[in-house]
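These notes are about the structure you will find just below.
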């Protein structure tokens, strides 16, 4: 798993194919579920390989290897969720895959810090896997609690799409512990709903509360980014005004050259 970048994503893809094939044999994953999960794995391998090349990393590293293993489990979850659209799936298998994937979420960060291998690619990789797992689980519980639960998984992708229209949304955000807590709340709420650990009414309240915290977190980040964009524009406007004043001041210092009046005839020259 810590092989060169050309092999790391391929190893992850092979592990995914083994897992999904095993689920097809033991858990009854449908052809649609197998294809959807495999498409996810292929896209993941391509994007991860491109990210490794852009960042100049020659190996995945131990932390990214853990995240890739977690991403493989998410592929298994995807296969089961897509299968659930047409046939029941074994809930213990689904909950086990989700539980292990969420448990490993805290491991890759610890490994990165202890091995000194923290990278921007690793942080982005971890975040995108979290977001996709939340999306898949929100789709699964929508069959029981209503399609409004998909908003929990769609928030991240709507935010990214909005940043294409308003590029200031893609600016770096300050690290906040509350953001991590809100993300953890989404995972816990979705696992509780997936495993049917609570009555449906109580689980609906838990999901609604989790969605409310997510809305608050995204709203606060958008407000902060908008405020920073307003400050940036103000600084740029002030710099333009100052540059114009400086240009006018420099023009005032230039010597004035008086050109001859073409209406006056030249003075006669004595022969």
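Rule-based calculations on the coordinates, nothing more; no lab input. Note that the structure is predicted; figures quoted are calculated from it, not measured. Backbone-built Cβ (ideal geometry, glycine too); neighbour counts: all protein chains shown.
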### Query
Of the listed peptides 179-186, 235-242, 115-122, what is their order by residue-averaged count of other C-beta atoms within 10 Å, with the highest listed first?
179-186, 115-122, 235-242
### Task
May I ask for the angle, rounded to the nearest 10°, between helix 200-253 and the longest principal axis of the chain, with both axes built from Cα atoms and the value confined to 0 to 90°?
10 degrees
### Query
Highest GNM mean-square fluctuation, the chain, Cα pairs closer than 10 Å: which of 58, 231, 70?
231
### Per-residue Cβ neighbour rank within 10 angstrom, fewest leading, 67, 83
83, 67
#### Entry: Alpha-carbon gyration tensor eigenvalues x 5, square-rooted, for the chain, Å
57, 24, 17
### Task
Along Cα→Cβ, 7 Å out, is where each label goes; now give me the distance between the ones at residue 173 and residue 157 in nm to one decimal.
1.8 nm
#### Entry: As computed over the range 17-56, the Cα convex hull volume per residue (Å³)
49 Å³
### Task
Please find, in a Gaussian network model of the chain (springs between Cα atoms separated by less than 10 Å), the residue of 108, 247, 221 whose mean-square fluctuation is greatest.
247
### Message
Running a GNM on the chain with Cα contacts under 10 Å, which residue among 132, 155, 177 ends up with the highest mean-square fluctuation?
### Response
177
#### Entry: Cα-based helix-to-principal-axis angle, 105-115 vs the chain, degrees rounded to 10
60 degrees
### Query
Could you give the angle, 0 to 90 degrees to the nearest 10, between helix 120-145's Cα long axis and the longest principal axis of the Cα atoms of the chain?
50 degrees
### Summary
At the level of C-alpha centres, the distance separating the range 101-171 and the range 190-231, in angstrom, is 13 Å
### Message
Order 208-220, 9-21 from most to least packed using the mean count of other Cβ atoms within 10 Å.
### Response
9-21, 208-220
### Message
Using Cα-Cα distances under 8 Å and only pairs 6 or more residues apart, what relative contact order does the chain have, in percent?
### Response
15 percent
